[in-house]
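The numbers here are math on the coordinates, done by the rules we state, and not lab data. In this text, all values refer to a predicted model and were calculated from it rather than measured experimentally. No Cβ is skipped: glycine too gets one built from the backbone with ideal geometry, and neighbour counts run over all protein chains shown.
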Amino acid sequence: MKRAPARTPRHGLARTLSKLGACSRTQAAQYAREGRLAVNGRVVRDPETPVDIERDRIALDGREVRASERIYLMLNKPRGYVTTASDERGRETVYALLEEAGLPWVAPVGRLDKASEGLLLMTNDSTWAARITAPESHVEKAYHVQIDRLPDAALLASMKHGVEADGEHLSARAVRELRRGEKNAWLEIVLDEGRNRQIRRLLAAHGVDVLRLMRVAIGPVALGTLAKGRFRSLEAAEIAALAL
């Protein structure tokens, strides 16, 4: 007796559009509520409606949605930009830095807050992005941080040991001093988890203010000499290395 061929797993409509690289799940949900999405010719307003990515025909504004070319970028985010597609307060977003390139939709892989700068990955491959950001992946991220004082060995040791703040244990995977001036210094801080504003909160718990915060590496991929506000495509080896 022949077995029936295995069916493709069914996912919600919004998640499916994200997996196709067409838009974010949030955008897809909005399109559904606006009546702009159809599945097999029928308008679908529930973004959680299960669909088969291989069998069902999904259309946005009457045009069939097909899998987009996979895009993998690194961006050197300047200070003052927010890591979101739109901002209710009218602040400049990182998408303003990509506008003239005519790229398909891409989403940030993790975030950098408005006051932070440096390496930001962006892609329309949600599966690849999820592997990098998953807590169990422990992908290391390196930051160069200017603080408002001269550190001592006790501060560096305490940052590695960690503190309790707002019900969370905050710590650094590694900390070392890079250089110092008369009144402030630069540290290299390595994290292997992604908590909200983790470095700023960790230093604040020690009474230390952050003057500048720049992410310089994610896993084996370094910011290098990429100019501020510019972006480039990741090389195949970089894409593969980040997904390990």
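For an R0 of 41 angstrom, estimate the FRET efficiency from the Cβ-Cβ distance between E177 and R42 and round to the nearest 0.05. Efficiency, from the Cβ-Cβ distance: 0.10. Computed over all pairs of different Cα atoms, the Kirkwood value for the hydrodynamic radius of the stretch 57-126 is 13.3 Å. If the segment from D192 to V163 were pulled out straight at 0.36 nm per residue, it would be longer than the present Cα-Cα gap by 8.9 nm. Only the Cβ atoms of Lys and Arg (+1) and of Asp and Glu (-1) were treated as charged; on that basis the dipole of the chain about its Cα centre amounts to roughly 460 debye.
The Rg/Rh ratio for the stretch 169-244, using Cα coordinates for both the radius of gyration and the Kirkwood hydrodynamic radius, is 1.01. Between E34 and K114, residue separation times 0.36 nm minus the direct Cα-Cα distance comes to 25.8 nm.
For the chain, the C-alpha radius of gyration divided by 2.2 N^0.38 Å, with N the number of residues, is 1.19. Shape index of the stretch 106-170: Rg/Rh, with Rg the Cα radius of gyration and Rh the Kirkwood radius from the inverse mean 1/r over Cα pairs, equals 1.04. Near A22, once Lys and Arg are set to +1 and Asp and Glu to -1 for all other residues with Cβ below 13 Å from its Cβ, the sum equals +3. Under the simplified labelling scheme, the E69-K228 pair shows an inter-label distance of 3.1 nm, with each label point 7 Å from Cα along Cα→Cβ. For the stretch 10-64, averaging the sequence separation of C-alpha pairs within contact (under 8 Å, six or more residues apart) and dividing by the residue count gives a relative contact order of 39 percent.
Say R0 is 35 Å: what FRET efficiency, to the nearest 0.05, do D56 and R201 get from their beta-carbon distance? Efficiency, rounded to the nearest 0.05: 0.20.
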